[in-house]
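Visitor: One structure follows; several queries about it will come next.
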Amino acid sequence: MADEKDLQIEEGGGKSKKMLFIIIAVVVLIAGGGGAFFMMSGDDAPAQEETLAENASADGAKSEAADKSSAEMGSALYVGMPRPFVFNVPGASRDRLVQIKVQLLVRGDVNEEAAKKHIPLIEGTLLSVFSTSNADELSTSAGKETLRTKALKNVQDTLTEIEGNKVVERILFTGFVMQ
């Protein structure tokens, strides 16, 4: 009988050792995962906030006259078109459907307000430029850049007639899909 009790105690001890090893392994995995998460998330967010605060104070030191000048001066602001442009373009083998999401880079609050005020005019100008392209041109990077340059020139010319300055510094294609 003494042998049976010894066996039972040994078996019980073996299960508790296994359970202890499993618990330790789980704790180590959780600690390692938490450590990896904090290492990957990085601590550069506070540094970025400090840098942005320093830049803002440096920008505040500029004179007000420089802030109110033309599109060459001022802070960069982005004006997004309210909806993407969707249009058909002819291609060598078949017509294609194109969707372009556009944002405008403007400098200063005055130009931002002017761009927002004239969004319908800008949309009309961009659509007229986009509709003159073809699928073969738009399938290359050079063709997309040519379209962007042509669109910028036409938008700047149109806004110069109305506002007296270019207003828009760059046109950015933030989304481009051709099917």
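The values are calculated or read from the model by the stated rules, or taken from the named source; none is laboratory data. Quantities reported herein were computed from a predicted structural model and do not represent experimental measurements. Quick reminder, even Gly has a Cβ in these numbers, built from the backbone with ideal geometry, and neighbours come from all protein chains shown.
Yes or no, residue by residue, for (1) over 24 Å from the mean Cα position of the chain (by Cα); (2) of a type in the set (D, E, K, R):
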{"residue": "G124", "(1), (2)": "yes, no"}
{"residue": "L127", "(1), (2)": "no, no"}
{"residue": "A151", "(1), (2)": "no, no"}
{"residue": "D157", "(1), (2)": "yes, yes"}
{"residue": "I162", "(1), (2)": "yes, no"}
{"residue": "I171", "(1), (2)": "no, no"}
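Visitor: Sticking with this one: Quick one: what pairs do we get from the range 84-95, first residue under 10 Å from A135 (Cα atoms), second among the β-branched types (V, I, T) and assigned to a strand (DSSP E or B), C-beta under 9 Å, 6+ apart or different chains?
Guide: Cβ pairs passing all conditions: N88/V98; V89/V98; D95/V89.
Visitor: Out of the residues in the range 107-132 that are of a type in the set (V, I, T) and touching a Lys or Arg at 6+ places or on another chain (Cβ under 9 Å), state the one that is modelled with the highest pLDDT.
Guide: Only one residue fits best here, namely V129.
Visitor: Here's something else I'd like to know. Mind counting the residues in the range 90-116 that are under 25 Å from I162 (Cβ atoms) and either touching a helix residue (DSSP H, G or I) at 6+ places or on another chain (Cβ under 9 Å) or among the aliphatic types (A, V, I, L, M) (or both)?
Guide: Of the residues in the range 90-116, 11 are under 25 Å from I162 (Cβ atoms) and either touching a helix residue (DSSP H, G or I) at 6+ places or on another chain (Cβ under 9 Å) or among the aliphatic types (A, V, I, L, M) (or both).
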